[in-house]
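The structure appears right after this line, and notes come after that.
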Amino acid sequence: VGNDMSTSDLLANTSALPAALLPCALLLFAYAAARRFCCDRRTWIFAAGVLLILMALGSFLELLADHYLLSAHMAQHLLLFLIAAPLLWMGTPAELVRRIQRLPVIGAIGNFLLHPIVAFALGVGMMWLWHWPRLHTLAMGHPGLHHLQHLCFLLSGIAFWGPILSPAEEMLVQPVVAVFYLFGACVADTLLGILITFAAPGTFSGYALLPDTLGVRDLLQSHWGLSPETDQQAGGLLMWVPCCFVYVGAVMGVLARFYREEETTSSADAASMNEA
Amino acid sequence: MTEKMTDVKPAVPRGLYRWVSSVDHKEIGILYLVTAAFFFLCGGIEAMLIRIQLASPDNTFLSPAAYNQIFTMHGTTMIFLVVMPAFIGLNIYLVPLLIGAKDMAFPRLNALSFWLLPLGGLMLHFSFWHGGAPDAGWFSYAPLSEKPYNFYQGVDYWALSLLCIGIGTLSGALNLIVTVVTLRAPGLRITRLPLFAWMGLVNSFLILGAFPALNVSLVSLLCDRLLGARFFQPDGGGSAILWQHFFWSFGHPEVYIMVLPAFGIISEVIPVFSRKPIYGYGMVAASTVAIALLSYGVWAHHMFVTGLSRVEHYIFSATSLLIAVPTGIKIFNWIATMWGGSIRFTTAMLFAIAFLIEFTIGGLSGVMFATVPIDWQTTDTYFVVAHFHYVLLGGSLFALLGGVFYWFPKITGKLLDERLGRVHFVLTVVGFNLTFFVQHFLGLIGMPRRVYTYPALPGYSSLNLISTIGAFLLAAGMLVLLYDIVISLRRGQDAGDNPWQAWTLEWATTSPPPPHNFAQVPPIHGRRPLWDLDHQEDPDWKAEEGRPPREMPLQGRAISKPKLGMFLFVGSESVFFLMLILAFLYFHGANATHPPNARTSLDPLRTGIFTICLLASSGTLWLAERSASRASRAGMGLWLLFTIALGAAFLIGQVLEYAGLFYHRVTIDTNTFGSTFFTLTGFHGCHVLLGLVMLSAFCGIELFRAAGRKRPASSTTLSALAIYWHFVDAVWIVIYSTLYLWATT
């Protein structure tokens, strides 16, 4: 049992960093190598995505998520699924996506996972599966499972956002379908968020049973005001509301693209009709 | 051309019978509008009674009991019998014209949607002769609305009539969506829809998602009141807070249901009278979707004083503030549309401008309410009354009046008198602001709402008197409108096809339009087909040139009307069941230690066997569909009979289960487990029964046809039925795994 930490000690704690640094560095290196170390706008977006993964998995957030707070777990999860994964897509040029698609085994698996129905089921399914209280509690005390959980969130996030954000246009779903796709995910998350928010106190009770290795439990409860009940509610509400903001924002993006398309094609379409 | 058309016109019934039997969208739209106007008169008289009672302190004009009934009836009438029917009526009249269609997708369903409205209205008002009108407010907060506190039948009539109106509204919304999706004229892509039709479409989706929540609230309340269930009675283990969650999860989207069509009207009126296309069409259209989606996530701001947790306060405050963004975008778009235009100040345009100002004021006080501490200070005071009247009267009603002046010539063929229109406008705007602006101050100095009178405190008397004087001016303004309508119908100026030189399709046909709407739909290459038609040398699409042509993806596979309608119905029903399941889960924790509960009363194994019957029936129905697509009538009939038998077996299982529970004294009034269990499974059983009736009817008709050797029925009917049946099965899988598998462990 460590001695008590202050908030600034906690925020500056880097004990989770080394474990996260290696995979993130590898990912960035693989990306740069695949693009022959050229550097443009997309590179920076991709790097921002990787940086967010590093922040989610290598900072104090990981410590709290692992041992103390459901709300920190949820924040981490949302960073990976809703922000990092879309950034990775936006940072990848179309040729690279198509090159990966043409790879023998990986390409076939990728194409299967990126089929809109599969991608949707995977995204929503992972969200629901890992928040089943029993499985969540199991993953808490088990580092291997915990890492698997993160990997699932990131990969299912990448699959989920593919049909919406892929730079390769042939992979995209139609705008109207995309609106329902995103709204469907929003409803599914809202439902799960409502269930967690209004669940009986102690549904995610596992955190209280873990040893207070960092000595911050007192800090969190008395200074941050996050009693176990508040923490559970905050976790549910994070899943429910900010999550949906991202989806609504994405719906706006899709519609903006849709209306832009109309404005550029209607002139061409009318012109060709006039000629005929 | 017109002569030829009159030749082929079938004999139309005349007089009252014509209106009662009509399935024409234009006549039904007019019926909606006239009904709304009639109830507007009722609700207006109630409002005047309220203002007379409040004109002076310690007034005894109305008794406390009468006052409670009247303010409840005023709110309920204005929302469900005036604003919504008026907007739905305008949508039903105009949307087929705007998209170049002949009628709605389901004309007879359209008539049903309408006739449920007067039925509901009559039922609501019948309560006056049956012990007294409802008196628990338009929101019927529990436990005040529960039997021990509200013994007369008023609230029962309230709930039944809203169910009736709600079902009509749902079917109307469904019809509108199918119409817009399947019946658009060639060239009218979704991205080219007139904004009024687009907002009608989005609004209809909002209705499909929100009204099931109202229906669940109402049936639960009725179960409480009539069958002794325990949903919302705290002394029986129920939760009054649950009522507020349920009601406001409908009630807040409802606010936007009453405002989105107003936005649609404004988006048509402002461009036409500014002689400019709308500024930022895409922004206006997309922000509508944002409003619709966000509106589902803000309801708890009605509940900031019910003891929600701190976290819930933060989150719902943030979402409520956020919804101001897409609304603000729209306001700026409309202002930018007027900017630099050559504005014609017709009465319609005047109301549109007044809408912008009054609605913005209402929106600003709305942002104040999203801030929790301000809400704590001002909730349940006249500040709230001022706020929502600015939104609903200064917002929705002003837009509606603008719409009346704009489309009256199209509907009747006569222009409304503009001089009288201006008098009406001035009286309305002055009266409205006088009535409601002072109520902000009344609220800030602490006058609570919903009270029948007040003592002569400083400021109270004079502000209330000003408010009452304003109300009389407002009423006078409405009488001027009525006079204007009557006189213009008698000897108004002929409107011609397009009196405002507008650009959308409804102005391409005669005023009023012929029964078939269009002799010929003009070609559509953009968002303003009539502009392109009149300005062939300078059409809209030329201004947008400059990019290379690009392949457009297909707009989606064509889908049959019955199938799409059924998908929408099923989607709406799933919200209904979802909320009943949430009610079960809400009480599950508390019931775990207080039997009877799922563990003591439910038998997963026996019900599991009957569940397999139901699941198998989905398989047999699929086989029936396959036989139908292979034109094998005998095979189809056989598989249908199997399906019906399996469904009936499931129902028998449910009857046996109920009998066992009743035998062990587990009924709907035992505790919250009984209430939620029987309501949920009972409604599911009703759905199975309805499915059986429909399948049997279909089967019977097919056998009859086989005897007469007529052509086989179109398989779309069967596939629509199949969607319903598979949905009922899917719902049961969720219910079974939640109630019988999860809750019993």
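Computed log10 I(q)/I(0) for the protein assembly as shown at 0.05, 0.10 Å⁻¹: -0.34, -1.44, from the Debye equation with unit scatterers placed on every C-alpha and solvent omitted. Of interest is the spacing of the C-alpha centroids, which for region B:580-612 and region B:328-362 amounts to 55 Å.
Treating each Cα of region A:134-276 as an identical point scatterer and summing with the Debye formula, the log10 of I(q)/I(0) at q = 0.14, 0.16, 0.20 Å⁻¹ comes to -0.85, -1.01, -1.26. For the pair region A:46-70 and region B:368-382, the centres of their Cα atoms are 38 angstrom apart. The Cα trace of region A:65-122 gives Rg and Dmax of 15.1, 44 Å, the first to one decimal, the second as a whole number.
Sort region B:125-171 into rounded, prolate or oblate with this rule: let a ≥ b ≥ c be the square roots of the eigenvalues of the Cα gyration tensor; rounded if a/c is under 1.5, and if a/c is not under 1.5, prolate when a/b is larger than b/c, oblate otherwise. In terms of gyration-tensor shape, oblate. Amide H contacts under 5 Å for B:Lys414: B:Ala495, restricted to partners 5 or more places along the chain or on a different chain, H placed in the peptide plane at 1.01 Å from N. A dipole drawn for chain B from +1 and -1 charges on Cβ atoms has a positive end, and of B:Phe126, B:Trp243, B:Ser309 the residue lying farthest that way is B:Phe126. Projecting the Cα atoms of B:Trp115, B:Leu397, B:Phe139 onto the charge dipole of chain B, computed from C-beta unit charges around the Cα centre, puts B:Trp115 farthest toward the positive end. Taking only the C-alpha atoms of chain A, Rg followed by Dmax gives 21.0, 82 Å.
Just to confirm a number: summing +1 for Lys and Arg and -1 for Asp and Glu over residues other than B:Gly653 whose beta-carbon lies under 15 angstrom from that of B:Gly653, what do you get?
-2
The loop-placed chymotrypsin sites (Phe, Trp or Tyr not before Pro) in region B:655-735, going by DSSP, include none that has at most 16 neighbouring Cβ atoms within 10 Å of its Cβ.
Under a 5 Å amide H cut-off, with hydrogens placed 1.01 Å from N, B:Thr381 pairs with B:Arg449 among residues at least 5 apart or on other chains. Ranking B:Leu614, B:Ile45, B:Phe388 by how far each Cα lies toward the positive end of the dipole of the protein assembly as shown (charges on Cβ) leaves B:Leu614 at the top.
Using only side-chain charges placed at the Cβ, +1 for Lys and Arg and -1 for Asp and Glu, the dipole size of region B:548-667 relative to its Cα centre rounds to 340 debye.
Give a quick list of trypsin sites (Lys or Arg not before Pro) in region B:567-655 that DSSP marks as loop, anything other than H, G, I, E or B, with at most 13 other Cβ atoms within 10 Å.
Details: sites: B:Arg599, B:Arg606, B:Arg626, B:Arg630, B:Arg633; in loops: B:Arg630.
For trypsin sites (Lys or Arg not before Pro) across region B:567-655 that sit outside H, G, I, E and B with at most 13 neighbouring Cβ atoms in 10 Å, the list reads B:Arg630.
Using a ≥ b ≥ c from the Cα gyration tensor of chain B (square roots of the eigenvalues), is it rounded, prolate or oblate, where a/c under 1.5 gives rounded and otherwise the larger of a/b and b/c decides, a/b for prolate? The shape class here is oblate. Evaluating 6.51 cos²θ - 1.76 cosθ + 1.60 at θ = phi - 60° for every residue in region B:684-695, the Karplus couplings come out as 5, x, 4, 5, 5, 4, 4, x, 4, 4, 5, 5 Hz, glycine and proline recorded as x. For the protein assembly as shown, lysine pairs separated by 8 or more sequence positions, or belonging to different chains, with Cα-Cα distances below 22 Å total 15.
Building the convex hull from the alpha-carbon atoms of region B:265-339 and averaging its projection over directions returns 5.5 nm².
Under a Cβ-only charge scheme (Lys and Arg +1, Asp and Glu -1), can you give me the dipole magnitude of chain B about the Cα centre, in debye to the nearest 20? Show your work: numbers first, answer last.
Details: 45 positive and 39 negative charges, 321 e Å.
About 1540 debye.
Normalised radius of gyration for region B:151-190, please: alpha carbon Rg relative to 2.2 N^0.38 Å, two decimal places. Could the numbers behind the result be given before it?
On the way: Rg = 17.3 Å, N = 40, 2.2 N^0.38 = 8.9 Å.
Ratio of Rg to 2.2 N^0.38 Å for region B:151-190: 1.94.
Evaluating 6.51 cos²θ - 1.76 cosθ + 1.60 at θ = phi - 60° for every residue in region B:663-672, the Karplus couplings come out as 4, 8, 6, 9, 10, 5, 9, 5, 7, 5 Hz, glycine and proline recorded as x. Loop exposure criterion: GluC sites (Glu not before Pro), DSSP state outside H, G, I, E and B, at most 16 other Cβ atoms within 10 Å. Applied to chain B, the longest stretch between such sites is B:1-536.
For region B:338-389, applying the loop criterion from DSSP together with a ceiling of 13 other beta carbons within 10 Å to the chymotrypsin sites (Phe, Trp or Tyr not before Pro) yields B:Trp339, B:Phe345. Residue-wise HN-Hα couplings along region B:576-591, as the Karplus relation 6.51 cos²θ - 1.76 cosθ + 1.60 with θ = phi - 60° gives them from phi, are 4, 5, 4, 6, 5, 5, 4, 4, 4, 5, 4, 8, 4, x, 5, 7 Hz; Gly and Pro carry x.
No lab work stands behind these numbers, since they all come straight from the coordinates. A quick note: this is a predicted structure, and the numbers were derived from the prediction, not measured. Note that each Cβ is placed from the backbone with ideal geometry, even for glycine, and that neighbours are counted across all protein chains shown.
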